[in-house]
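Here's the structure, in structure tokens; my notes come after.
Nothing in this text is a laboratory measurement; each read-out follows from the coordinates by a stated rule. Bear in mind that the values here come from a model prediction, so they are computed numbers and not experimental data. With ideal geometry, Cβ positions are generated from the backbone for all residues, glycine too; neighbour counts draw on all protein chains shown.
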Amino acid sequence: MTSLDPRAPLVLDTRELGRRPGSQRDVVITVPAPAELGIEVLRVPEGSPVQLDLRLEAVMEGVLVTGTATAALEGECARCLEPIDDEVDVTLQELFVYADQHDKAVEHDDHDLDDETSRLEDDLLDLEPLLRDAVVLALPFTPLCEDDCPGLCAECGARLADDPDHSHEEPIDPRWAGLTALTQDQSTTTD
């Protein structure tokens with residue numbers, strides 16, 4: 001019995017490969033993006049189209065999946081908080097091990113296969129963890145709207161790219177603030 005739903009968009013059926021090493025199948029599909037695909041400030045919107053161009057190839061241990069995934073990104077610049085609309089194109093490659101191969105490895109205490117090994121369940125494979133890992137690792141840690149984005153003014157929050165000559169009066173050193181008050185008093189009495 002499998003925990004995978006064969007109707008799920010990112011679950012693929014490999015039965016037609018027949019466990020014959022060397023047999024292969026190309027798959028080109030567009031699927032809706034799963035929830036929370038990305039990082040906090042840059043993500044693939046849930047339900048947006050993800051284009052998958054894959055090759056499924058039967059090998060001795062299981063099914064080797066190679067290909068690419070392309071999806072639209074939405075987010076905000078880490079410096080100025082402006083919206084970012086971009087695209088991510090990632091390479092996918094993963095070996096999905098047959099369940100009986102995994103069971104043999106466990107019996108023989110083979111450390112080559114661990115809990116992180118992707119497995120086929122009743123000849124079904126789930127691409128979601130592979131897609132999630134590839135997309136998250138491909139995203140920049142601090143996304144920017146432009147490579148040289150100057151960010152926001154630390155004092156007032158103005159976007160510096162919109163006003164390159166933006167400036168504030170030099171702050172008064174607190175040690176001299178008392179003298180500034182005296183000079184202002186003198187200027188009002190002389191006027």
For the charge dipole of the chain, defined by +1 on Lys and Arg C-beta atoms and -1 on Asp and Glu C-beta atoms about the Cα centroid, which residue among SER118, ALA177, HIS166 has the Cα displaced farthest towards the positive pole? SER118
Suppose only helical runs count, i.e. DSSP H with n ≥ 4. What mean residue ellipticity at 222 nm does that imply for the chain under -39500 (n - 2.57) per run, divided by all residues and rounded to the nearest 500 deg cm²/dmol? -5500 deg cm²/dmol
With r as the distance between the Cβ atoms of ASP133 and ASP173 and R0 = 41 Å, compute the FRET efficiency 1/(1 + (r/R0)^6) and round to 0.05. 0.20
Which of VAL135, LEU56, VAL88, positive extreme of dipole for the chain (C-beta unit charges): LEU56
Counting Lys and Arg as +1 and Asp and Glu as -1, each charge on the Cβ, what is the dipole of the chain about the Cα centre in debye, to the nearest 20? 520 debye
Residues in the stretch 20-41 that a label on ALA72 would reach, taking backbone N under 20 Å of a point 7 Å out along Cα→Cβ: 29-41
Nearest-ten-degree value, helix 128-138 long axis tilted from longest Cα axis of the chain: 40 degrees
In the stretch 27-64, whose amide N lies under 11 Å from the spot 7 Å out along Cα-to-Cβ of GLU87? List them in ranges. 51
If we sort 118-127, 80-89 on the protection proxy, mean other Cβ atoms within 10 Å, highest first, what's the order? 118-127, 80-89
